[in-house]
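Here the structure comes first, spelled out in structure tokens, and everything after it is commentary.
Please treat every number below as a calculation from the coordinates, not as lab data. Worth saying up front: this structure is predicted, and the values here are computed from it rather than measured. Cβ placement follows ideal geometry from the backbone for every residue including glycine, while neighbour counts extend to all protein chains displayed.
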Amino acid sequence: MQINLSTRQLRAFVTLAEQRNFTRAAALTHLSQPAFSALIRSLEQGLQQRLFERSTRHVELTTEGREFEPSARRLLAEFEGAVASAADYAMRRRGRVAVALLPSLAAGWLPGVLATFRAAYPAIELAVRDVLSEACVDAVRSGQADFAIAAVRADTPELQAEPFCSDRFHLVCPAAHPLASAGSVRPRDVATVPFVHLSRTSSVRQYLDAALHPLQLNTLMEVDQLATVMGMVGAGLGVSIVPSLALFHFRHPQVVTRPLAWPGLTRQLYLVRRRDRGLSIASQGLYDLVMQHRPADDAPARAKAKGRPR
């Protein structure tokens with residue numbers, strides 16, 4: 001037997017079971033008494049059971065009504081809970097957002113964006129994966145991240161990439177180094193001094209190798225972390241080249257940063273997401289904020305410095 005129950009019927013049943021009076025129950029459900037009575041009657045007909053004993057003085061649950069009451073309350077509570085939960089997600093009072101992005105972005109640019117987002121939606125759970133570009137793309141592909149910001153254009157049948165921002169590069173060197181005060185810095189000038197490289201799996205290294213090919217730099221060492229590059233440069237061991245978005249690592253009185261306008265030495269970052277599914281309401285909220293607060297390309301302003309150290 002197929003029975004179609006409505007929440008109006010369940011709510012009317014529970015209210016009458018509590019009030020034991022048609023007039024009061026009808027008033028509490030904002031129905032006229034005839035309409036309320038018809039609702040209870042249609043419920044009993046649908047269940048093919050008499051749920052209430054009626055008399056001129058009182059209303060009581062039948063045996064079948066007492067059996068049905070716990071289930072009716074549970075169904076009504078589950079429905080109301082589902083509606084409340086959906087409303088919470090719609091209003092971004094609940095939810096979860098997972099984003100993957102390059103470590104330099106995660107450490108320097110992202111915290112301010114997340115602070116703004118969390119102030120507006122404090123109950124939304126946040127997950128951040130600070131990994132290299134390929135791992136960022138894999139996180140989106142596997143569903144571990146809702147979207148990612150990476151230095152690869154991952155346009156595939158399952159993924160789409162849109163330009164996010166561009167990133168210029170800077171020489172970083174000890175304050176006492178000859179390149180810190182040179183009138184201009186050319187690739188062959190850098191090639192003659194010890195150089196601290198990032199690992200070959202990093203986007204910074206890949207862009208640098210492609211822009212300088214076939215010129216070979218005088219590699220002193222290769223490291224994985226920009227903070228390590230800073231330590232080595234700060235100790236006077238060598239120089240390095242890093243993107244603008246990583247310059248916060250190099251704010252130190254013993255280190256000078258200089259913008260480089262070498263041909264081909266610009267890094268393009270992309271926002272990557274899946275083609276086959278939309279973002280959740282919570283994820284869409286962070287996505288919109290991220291797009292509104294994209295890092296500005298300050299290369300033109302820096303170029304006016306004409307190579308002067310700062």
Karplus-derived 3J(HN,Hα) from phi for the range 17-24 (6.51 cos²θ - 1.76 cosθ + 1.60, θ = phi - 60°), whole Hz, x at Gly and Pro, runs 4, 7, 8, 6, 7, 5, 5, 5
Just to confirm a number: summing +1 for Lys and Arg and -1 for Asp and Glu over residues other than GLY264 whose beta-carbon lies under 15 angstrom from that of GLY264, what do you get? +2
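Stretched out fully, how many nm does the piece from LEU289 to LEU237 gain, at 0.36 nm a residue minus the Cα gap?
14.7 nm
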Relative contact order (%) - criterion: Cα under 8 Å, at least six apart; region: the range 167-267: 50 percent
Give the percent of DSSP beta bridges with both residues in the chain that are antiparallel, rounded to the nearest 5. 65 percent
Nearest-5 percent of antiparallel DSSP beta bridges in the range 167-267? 65 percent
Helical mean residue ellipticity (222 nm; -39500 (n - 2.57) per DSSP H run of 4+; nearest 500) of the chain: -12500 deg cm²/dmol
Report the label-to-label distance for HIS30 and ASN4 in nanometres (one decimal), using points 7 Å from each Cα along the Cα→Cβ vector. 2.4 nm
Cα-projected label distance for ALA175 with LEU215, points at 7 Å along beta-carbon direction, nm: 2.7 nm
Can you tell me the FRET efficiency between GLU78 and ARG153 if r is taken as the Cβ-Cβ distance and R0 is 35 Å, rounded to the nearest 0.05? 0.15
Phi-based couplings in Hz for the range 208-214 (Karplus 6.51, -1.76, 1.60; Gly and Pro marked x): 5, 4, 5, 6, 9, 4, x
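Relative contact order for the chain using alpha-carbon pairs under 8 Å, separation at least 6, rounded to a whole percent?
Computed value for the chain: 20 percent relative contact order.
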What is the gain in length, in nm to one decimal, between GLN48 and GLN268 on full extension, counting 0.36 nm per residue of separation less the C-alpha to C-alpha distance? 72.4 nm
Any chance you could run the full-extension gain for ALA123 through GLN144? It's 0.36 nm times the residue separation minus the Cα-Cα distance, nm to one decimal. 5.6 nm
Cα shape, the range 163-234, gyration tensor, a/c 1.5 rule: rounded
